[in-house]
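What follows is a single structure, written as structure tokens, with notes after it.
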Amino acid sequence: MRPLLVLMRAALGGGVERRILPVAGVTFIYSASFSTFWVYVGVYAVKGLHWPASRVGLLFLFSAPVAAVANYLSGRVSDRVGRRRPIVASFLASAANVAALSLLGHRTAIAFALIVLQGVIGAPAYSLDRVLVADLVLEPAGRENAFATVRVAGNLGAFGGPPLAALLIFLGGWTAFLIGISALGIVGAVLASAFLPVTGGQLQPGQEGVGSLRLVLRDRPFALLLLSTLLAFTDYCGFETVLPVIAVTAYGLAPSTWGLLVVISPLLVVFCQLRLTRAAACIPAARRLGTAILLMGLPFLALIASGGVAVIAGVIVAFVLGEMLWMPTSQNVAARLAPAAARGTYFGALAAMTGPAWTLAPFVALQLRAHAGIDSVWILFAAVAVAGAAAGVAAVRAADADLSRRSGCA
């Protein structure tokens, strides 16, 4: 066991917080199972269910907004009942839902509803791990490192899940894939029930207004952080959905070449996330957050000059470096701003920002490509990054000013 721990420290760049290891384990299982389901669901719909592309587009259009609402509500519920129970219930319900899909997928309306439902019932398992980290690690420096550790666990799951899914599909077709995902969900429920600590549940009857959405949005620093997160996720969606489409259709990359390039992202996160988080800890949070979001958007401008493989690889590296700085920093700022009794609601609102980004970014960018050309797409993402960086810097500075006022220093 000790040699394994030594090897893990050497690979990841140092030791990890023991108190968040159960959270990291549950994140790994979720990423290897239900995140993998979302990676394959479009292919499953086309190849397994024989749906036309237009129906798949509608599927994603419906799924993203309802999942965003569910992310917010799962955080809100966890403030009242705690974090562990919704996570366990989410794993069990998701496992049952995917198993039902394996039996009823031939019925189009039912399959469509079950896939959309998956985004709703999977929300607690997807989003509450970050709230658990904020509950368990209270010191800001340690908390940022803990958020980074959970990101590494998620990327390890994302690295191992798709090959496992491909093996299941090869051996037993789409039914084996869905049953395998469902079985992993049951494993996640058992691990979460056995090992996750009980946290949250501090919101008492009569305190409903403490974490209401209206008051969350009236929290000016946090509202700025929400705006910054929405804009940063827009660039993230540009990387995840728009860049591969343009790379394959306009720059002449083979799909297999893109598959090799996209592996850069999880490899960098696994081997560099903790190292980068520790190395950047001495940089003020406002500067770190602003720089991170700029790195996620400005490198797209290089594609105006060339769409070659080397340039695309450089854009991916710069983007991932920015992403690795952005995620733990923004989550740490959110943890600083969120009242303990409403922490789930605050983080749920933060997670909900993924919905509008996933819904609008591909649609707007690809429409812009059709009407104004490819260069306009990269200019759009660069401009979004500048706006997101400005909002992020303003959020951190407003948070620092609020903290000074509360401590009587202003």
Do we find that Gly348 is out of contact with any Asp or Glu (no Cβ under 8 Å at 6 or more places or on another chain), more than 22 Å from Asn145 (Cβ to Cβ) and in the same structural domain as Gly238 (by TED's automatic domain parsing) in this structure?
yes
Tell me, which residue of segment 83-113 that is hydrophobic (A, V, I, L, M, F, W, C) and more than 18 Å from Ile186 (Cα to Cα) is surrounded by the fewest Cβ atoms within 10 Å (Cβ to Cβ)?
Ala109
What are the residue pairs meeting all of these: first residue in segment 127-148, first residue buried (at least 21 other Cβ atoms within 10 Å of the Cβ), second residue outside any helix (DSSP H, G or I) and among the charged types (D, E, K, R), Cβ atoms under 6 Å, and 6 or more apart or on different chains?
Leu128/Arg83; Val131/Arg83; Leu132/Arg83; Ala146/Glu17
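List the helices (runs of 4 or more DSSP H) inside segment 220-277, counting only whole elements, that have at least 2 residues being within 16 Å of the chain's Cα centre (by Cα).
Because the criterion is at least 2 residues that are within 16 Å of the chain's Cα centre (by Cα), the helices (runs of 4 or more DSSP H) in segment 220-277 that meet it are 220-237.
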All positions within segment 36-63 that are surrounded by 18 or more Cβ atoms within 10 Å (Cβ to Cβ), closer than 20 Å to Gly185 by Cα and either at pLDDT below 85 or not hydroxyl-bearing (Ser, Thr, Tyr) (or both)
Phe37, Tyr40, Val41
Please state which of the following conditions Gly200 fails to meet, knowing it meets all the rest: (1) outside any helix (DSSP H, G or I); (2) under 17 Å from the mean Cα position of the chain (by Cα).
(2)
Taking Gly314 as the residue in question, decide whether it is more than 21 Å from the chain's Cα centre (by Cα) and not in a helix (DSSP H, G or I).
no
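Those residues that are under 22 Å from Gly392 (Cα atoms) and surrounded by 15 or more Cβ atoms within 10 Å (Cβ to Cβ), I need them from segment 360-382; list them, please.
Our first condition is that a residue be under 22 Å from Gly392 (Cα atoms); within segment 360-382, this holds for 360-361, 378-382.
Within segment 360-382, Ala361, Trp378, Ile379, Leu380, Phe381, Ala382 meet the criteria.
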I'm told Leu215 meets every condition in (1) crowded, with 16+ Cβ neighbours inside 10 Å; (2) assigned to a helix (DSSP H, G or I); (3) modelled with pLDDT under 95 except one. Can you identify the failing condition by its number?
(1)
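The values are calculated or read from the model by the stated rules, or taken from the named source; none is laboratory data. On a predicted model such as this, the values are computed, not experimentally measured, just so you know. Here the Cβ is made from the backbone with ideal geometry for all residues, glycine too, and neighbour counts use every protein chain on show.
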